[in-house]
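Participant: Before I ask anything, here is the structure I am working with.
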Amino acid sequence: MLVSKKSKFLYLYAFTLFILSALYGLLMRWNFAFPTKFIPYQNLLQSHSHVAFLGWGYISVIGAIMYYFVSDVKKESSVDKITLAILLVAISLMLISFPLGGYKVFSIVLLAVFGLTSYVLSFRILKDLQGNNTSAKFIRYGIYYYLLSSLATWFLAFVIVTRGKTDLYYNTVYFYLHFLYNGFFVFALFGLLFKVFENQQIVISENLKKRFFWYLNMACIPAYALSVLWSSDVLLFNMVGFVASVLQFISLVFLVKIMLQAFSQLSWSFTSKLLLKFALFSYSLKIISQILSSFPYFVEKSLALKPFFIIGYLHLFTLGFLSVLLFLILDQLGKINFQKPASKLGILLFLAGVFITESLLFLQGFLFMFQVDAIKNYSFFLLIFSFLMVIGLLVIYVNQFSRQPIIK
């Protein structure tokens with residue numbers, strides 16, 4: 001069974017997709033450092049992004065949700081087995097369809113199959129979800145936001161046929177990404193983290209969790225305004241985006257209070273605590289960057305310096321927050337092990353690679369913004385430290401199959 005208590009297959013398969021997506025990303029950064037016409041950049045970008053957030057992010061998160069919040073009896077359903085199998089096949093084929101054909105018929109069909117199948121799984125989870133406490137509410141609303149985000153994928157086809165790649169096209173893409181990232185992933189990951197705390201008898205104020213939940217929830221829909229500022233100079237959108245980002249900041253204050261309570265009770269290893277701190281640091285930077293992005297000056301600069309600030313923001317979320325927190329949750333589930341010495345080295349290499357590449361992206365952007373001398377050989381350094389990330393991932397992956405002794 002793909003999501004049984006003992007099986008690691010689903011999570012290791014998703015991890016495999018993450019590594020393959022990372023290798024595609026490495027090829028793209030190689031192309032920046034050593035340009036060649038043989039690398040189909042735009043096609044690789046489509047495959048890299050879709051496989052990262054659907055293959056690694058969505059599959060792992062859904063697997064963890066089913067592990068924690070769906071009873072063993074319900075998980076034995078043949079429907080769940082079939083839907084998960086279809087999702088894995090569809091996302092795996094995207095590794096081939098996008099590089100070879102781009103965003104054409106085969107890839108669109110695969111995305112449609114993935115979307116429709118994920119609906120079946122989403123509604124089954126909503127029906128079978130156990131519990132009505134705050135962690136369960138985070139999961140429930142996370143799935144609501146996933147369903148909301150998915151509406152954009154169907155509307156996108158209509159926009160392409162009737163309007164082409166206009167502002168409406170890109171704002172539809174940003175609608176999808178906003179509610180997938182700031183809706184589904186944020187709510188689901190914090191719901192899973194709080195469930196880990198509950199299972200380990202780590203006592204957190206229920207009042208703090210409820211306030212964190214409601215402020216974050218109130219901010220989610222209006223925060224989409226931040227995603228359309230690039231295409232509009234209407235001040236109202238800036239004001240709505242600013243209010244939403246302030247609500248997110250207030251929720252962050254409650255999150256900090258929650259984590260202070262949790263850390264005083266945690267008996268985790270150094271590696272597990274490091275993962276949690278790194279994910280929370282990345283999440284905090286995300287919130288701060290969203291506040292700044294509500295001001296017209298930073299919107300203008302972000303657009304002019306998209307290869308640095310916007311790409312940096314997306315990787316800050318996907319690598320620094322989503323992937324790191326996922327690693328922690330899967331470690332607590334016993335699905336990915338970080339207690340072996342080599343695995344600990346791997347996670348340190350990965351975190352170092354994320355930190356340095358993010359620092360390079362944002363630093364280069366700020367240097368251009370303030371018209372200061374840029375970093376020489378920037379693309380080469382970015383490539384080298386991206387290698388560091390991939391090496392770290394490979395070390396972790398290989399050691400999931402080794403039998404070397406675990407060191408506590």
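Participant: Could you tell me the extents of segment 333-408's C-alpha atoms along the three principal axes, largest first, rounded to whole Å?
Facilitator: Each principal axis gives a Cα extent; for segment 333-408 these are 52, 21, 17 Å.
Participant: For Lys344, go through the aspartates and glutamates and keep the ones whose alpha-carbon is under 17 Å away, minus same-chain ones fewer than eight residues off.
Facilitator: Asp331
Participant: May I pose another question? For segment 261-407, what D do you get in µm² per second when you plug the Kirkwood radius from alpha-carbon pairs into Stokes-Einstein at 20 °C and 1.002 mPa s?
Facilitator: 129
Participant: My understanding is that a pair violates if its Cα-Cα distance is over 26 Å; which of Lys340/Lys376; Lys195/Lys273; Lys277/Lys301; Lys210/Lys277; Lys273/Lys340; Lys75/Lys209 do that in this structure?
Facilitator: Beyond 26 Å: Lys340/Lys376; Lys277/Lys301; Lys75/Lys209.
Participant: Over segment 1-77, with every protein chain in place, what whole percent of the accessible area is carbon and sulfur at 1.4 Å, could you tell me?
Facilitator: 66
Participant: State, to one decimal in nm, how far the label point of Tyr169 lies from the label point of Asn377, with both points 7 Å from Cα in the Cβ direction.
Facilitator: For the pair Tyr169/Asn377, the computed spacing is 3.9 nm.
Participant: When the C-alpha atoms of segment 167-291 are aligned to their principal axes, what extent does each axis show, in angstrom, from largest down?
Facilitator: 50, 25, 20
Participant: For Lys165, go through the lysines and keep the ones whose alpha-carbon is under 21 Å away, minus same-chain ones fewer than eight residues off.
Facilitator: Within reach: Lys104, Lys306.
Participant: Normalised by the residues of the chain, what does the relative contact order come to in percent, with Cα pairs under 8 Å and at least six apart?
Facilitator: After rounding, I find 16 percent.
Participant: Further question on the same structure: On alpha carbon coordinates alone, what is the Rg over Rh value for segment 326-373, Rh being the Kirkwood radius?
Facilitator: 1.27
Participant: Right, here's the next one. Given segment 1-140, what whole percent of its Cα pairs are spread farther than 21 Å?
Facilitator: Beyond 21 Å sits 47 percent of the P(r) for segment 1-140.
Participant: Treating only the Cβ atoms of Lys and Arg (+1) and Asp and Glu (-1) as charged, compute the dipole magnitude of the chain about its Cα centre; round to the nearest 20 debye.
Facilitator: Once rounded to the nearest 20, the dipole reads 780 debye.
Participant: How compact is segment 239-297 by the rule of thumb for globular proteins, expressed as Cα Rg over 2.2 N^0.38 Å?
Facilitator: Normalised Cα radius of gyration, segment 239-297: 1.37.
Participant: For segment 54-202, which semi-axes, largest first and in whole Å, follow from the square roots of 5 times the eigenvalues of its Cα gyration tensor?
Facilitator: 30, 18, 12
Participant: Further question on the same structure: Excluding same-chain residues fewer than 8 positions from Lys81, which aspartates and glutamates have a Cα within less than 20 Å of its Cα?
Facilitator: Asp72, Asp128
Participant: At q = 0.23 Å⁻¹, what is the base-10 log of I(q)/I(0) for segment 284-359 according to the Debye formula with one equal point scatterer per Cα and no solvent? Please give it to two decimals.
Facilitator: Calculated log10 I(q)/I(0) at the listed q: -1.04.
Participant: Output the peptides 328-335, 215-222 sorted from most to least packed, where packing is the average of other Cβ atoms within 10 Å over each peptide's residues.
Facilitator: With the highest mean Cβ count within 10 Å placed first, the list reads 328-335, 215-222.
Participant: Using a 1.4 angstrom probe, figure out how much accessible area the chain has per residue, in square angstrom, rounded to the nearest whole.
Facilitator: Per-residue accessible area for the chain comes out at 44 Å².
Participant: A further question follows. Which value in deg cm²/dmol, rounded to the nearest 500, describes the helix-derived mean residue ellipticity at 222 nm for the chain, given -39,500 (n - 2.57) per DSSP H run of n ≥ 4 and division by the residue count?
Facilitator: After summing the helix terms and dividing by the residues of the chain, the value is -24500 deg cm²/dmol.
Participant: Among 365-373, 75-83, 382-390, how do they line up by average Cβ neighbours within 10 Å per residue, starting with the highest?
Facilitator: By packing density, highest mean first, the sequence is 382-390, 75-83, 365-373.
Participant: First obtain the Kirkwood hydrodynamic radius of segment 217-316 from its Cα pairs, then insert it into the Stokes-Einstein equation at 37 °C and 0.692 mPa s, and state the resulting D in µm² per second as a whole number.
Facilitator: 221
Participant: Dividing the convex hull volume of the Cα atoms of segment 168-233 by its residue count, what figure in Å³ per residue is obtained?
Facilitator: 69
Participant: Here is a follow-up. Rg and Dmax of the chain over Cα atoms: what are they, in angstrom?
Facilitator: 20.6, 62
The values are calculated or read from the model by the stated rules, or taken from the named source; none is laboratory data. Quick caveat: nothing in here was measured; it's all calculated off a predicted structure. Cβ sites come from the backbone with ideal geometry, for glycine too, and all protein chains shown count toward neighbours. These area figures cover heavy atoms from the full protein model, side chains too; ligands, DNA and RNA do not enter into them. Shrake-Rupley method; radii C 1.70, N 1.55, O 1.52, S 1.80 Å.
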